[in-house]
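Beneath this line is the structure, given in structure tokens, with notes to follow.
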Amino acid sequence: MKTALSQLGQNTAPPSISWLMQLALSRPKMVSLAAGFTDNESLPVSEVREVLAEILATDATGQAALQYGTTPGDPQLRKLTAAHLLSLDADAIKNYKVPANGTKAVAPNKKSPSYAPESVLITNGSQQLLYMITEALFDPGDIVILEDPTYFVYLNIAQSRGLKCRGVKLLEDGIDLQHLEDILEDLKVKGELPRLKMLYLVTYFQNPSSVTTSYEKKCAALKLLKKYEKLAGHPIYLLEDAAYRELRFSGAEVPTALTAPVNAERVIFAGTYSKPFSTGVRVGFGVLPEPLLTVVTRIKGNHDFGSANILQQILKHSMSSCRYKGHLQNLRQRYQRKAEVMLKALQKHFPKEVTWIEPEGGLYFWVKAPSYIATGPKSRLFKTAIENDVLYVPGELCYADDSSRRKSTNEMRLSFGGASLKNIELGIARLGKVLHSQLKK
Ligand SMILES: Cc1ncc(COP(=O)(O)O)c(C=O)c1O
């Protein structure tokens with residue numbers, strides 16, 4: 001019998017995240033350094049307890065919170081979000097040291113549409129925004145350029161919707177601009193530019209590599225997109241996914257692409273309160289240029305006609321008191337400590353042939369084994385790691401299926417977010433043992 005499933009239903013592969021979570025639960029002694037969970041002990045329980053008491057203190061505020069809201073989101077939360085973004089960018093620009101021949105950042109302007117509450121759409125995590133933008137922009141066969149490696153859950157979205165992915169090499173300060181230009185030229189030569197809709201960058205402490213894109217690179221990428229837009233015959237957007245932006249624990253803040261002097265009107269900004277506040281509350285947001293704002297809001301109307309109101313109220317109350325900022329300050333210190341513990345454990349337990357990028361924020365170490373050690377889901381290393389009760393994200397899951405690029409097979413993502421300090425040390429010791437056993441003597 002033929003399937004009743006739609007093309008989308010048939011094309012949607014099992015998300016990598018689901019089987020990784022399942023694996024983590026399958027062995028009681030498993031230390032998961034794979035999950036992108038946030039730190040459990042520092043979740044803002046007392047803050048949310050107080051805030052809920054405030055919200056439910058009177059019938060009027062309680063009823064308002066327990067009722068449906070509006071599709072774009074609570075007006076006050078949109079206002080607070082716009083003001084929050086403006087203040088983060090204003091601070092980043094104040095402290096930004098323009099390199100020689102560098103681009104002068106444009107001081108963010110309260111009146112710019114990028115910081116207007118009306119441009120903000122509240123979503124169910126930033127994940128929903130990523131999905132809706134993909135629905136709004138892409139038909140099957142359309143092209144997205146993304147970092148190589150990139151956020152693997154976005155790759156699942158792209159795959160299920162039949163997108164063609166082109167991976168651009170990632171360096172220590174963001175994408176390789178020459179490689180981006182080569183890809184754009186290649187698309188031009190092949191007559192494929194009209195199918196290119198977007199460049200997707202995870203710009204702060206990238207998932208999985210922990211790389212932060214420099215301001216210079218964001219501006220240069222926008223200039224390049226503008227140059228090729230004429231040949232594409234339609235806008236080419238830059239989707240800046242800033243999920244980890246507020247989790248910085250060292251180094252100087254970097255302004256967002258919203259402040260770029262050229263082509264900032266093509267920036268779609270994806271932000272979230274999941275990582276800096278609570279993954280369980282799961283409130284995200286987007287700043288979108290027109291006509292995307294209108295279209296994505298309509299799509300959201302069809303998805304759920306608005307994110308859960310009470311969750312938005314929790315954020316609104318936390319942000320308009322000092323609870324959000326206070327919590328974030330603690331969180332940063334906590335992640336800094338966890339990153340230090342992971343670093344020391346890596347230095348102690350991993351073979352000297354294994355290298356990594358030291359993060360300045362976020363939740364991850366991106367680790368490279370010698371090229372002859374495969375780390376993929378079917379590799380001996382991955383299987384032995386599971387037998388030894390430790391789990392990591394195989395690096396190759398983070399590479400797009402791009403026939404013009406070879407996927408790297410010897411990397412892994414290790415998260416210090418969810419595991420306790422004790423388990424970080426234990427997990428790295430177990431993984432170190434497995435790595436040592438596979439070294440060529
Ligand atoms: C790069 C990136 N973007 C977006 C998300 C989605 O997060 P949320 O939907 O909780 O905002 C994640 C979650 O891990 C992520 O790593």
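No value in this document is a laboratory result; all are computed from the given coordinates. What you see is a predicted model, and the numbers here were worked out from it, not measured in a lab. Every residue, glycine as well, gets a Cβ built from its backbone with ideal geometry; the counts of neighbours run over all protein chains shown.
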Normalised convex hull volume, region 172-307, alpha-carbon set, Å³ per residue: 125 Å³
Rg to Rh, two decimals, where region 341-441 supplies the alpha carbon set and Rh follows Kirkwood: 0.95
Surrounding net charge for ALA260, when Lys and Arg each add one and Asp and Glu each subtract one, Cβ distance under 13 Å: +2
Simple label model, 7 Å out from Cα along Cβ direction - PHE37 to ASN109, nm: 4.7 nm
Given charges at Cβ of Lys, Arg, Asp, Glu: the chain dipole, positive-most of SER112, PHE416, PRO99: PHE416
Student exercise, the chain dipole from Lys, Arg, Asp, Glu Cβ charges, in Debye to nearest 20: 840 debye
Interatomic Cα distance distribution for the chain, bins of 20 angstrom, percent: 25, 58, 17, 0
Computed P(r) (all Cα pairs; region 233-344; 10 Å bins; percent): 12, 33, 34, 18, 3, 0
Selected from GLY362, LEU315, THR375, residue furthest toward positive end of dipole (region 308-377; charges at beta carbon): LEU315
Cα gyration tensor shape for region 1-151, rounded if a/c is under 1.5, else prolate or oblate: rounded
Per residue, the convex hull volume that the Cα atoms of region 215-281 enclose (Å³): 88 Å³
DSSP-defined beta bridges in the chain - what % are antiparallel, rounded to 5: 50 percent
Low-density loop positions, chymotrypsin sites (Phe, Trp or Tyr not before Pro), region 354-428 - DSSP coil, at most 13 other Cβ in 10 Å: TYR372
Around SER420: net Lys/Arg minus Asp/Glu count, Cβ-Cβ under 13 Å: +1
Within-14-Å neighbourhood charge of THR384 [Cβ basis; K, R +1; D, E -1]: +4
Backbone HN-Hα couplings from phi across region 336-351 [Karplus 6.51/-1.76/1.60, Hz, Gly and Pro as x]: 4, 4, 5, 5, 5, 5, 5, 4, 4, 5, 4, 5, 7, 9, 8, x
Pair ARG49, GLN333: separation of 7 Å Cα→Cβ label points (nm): 2.0 nm
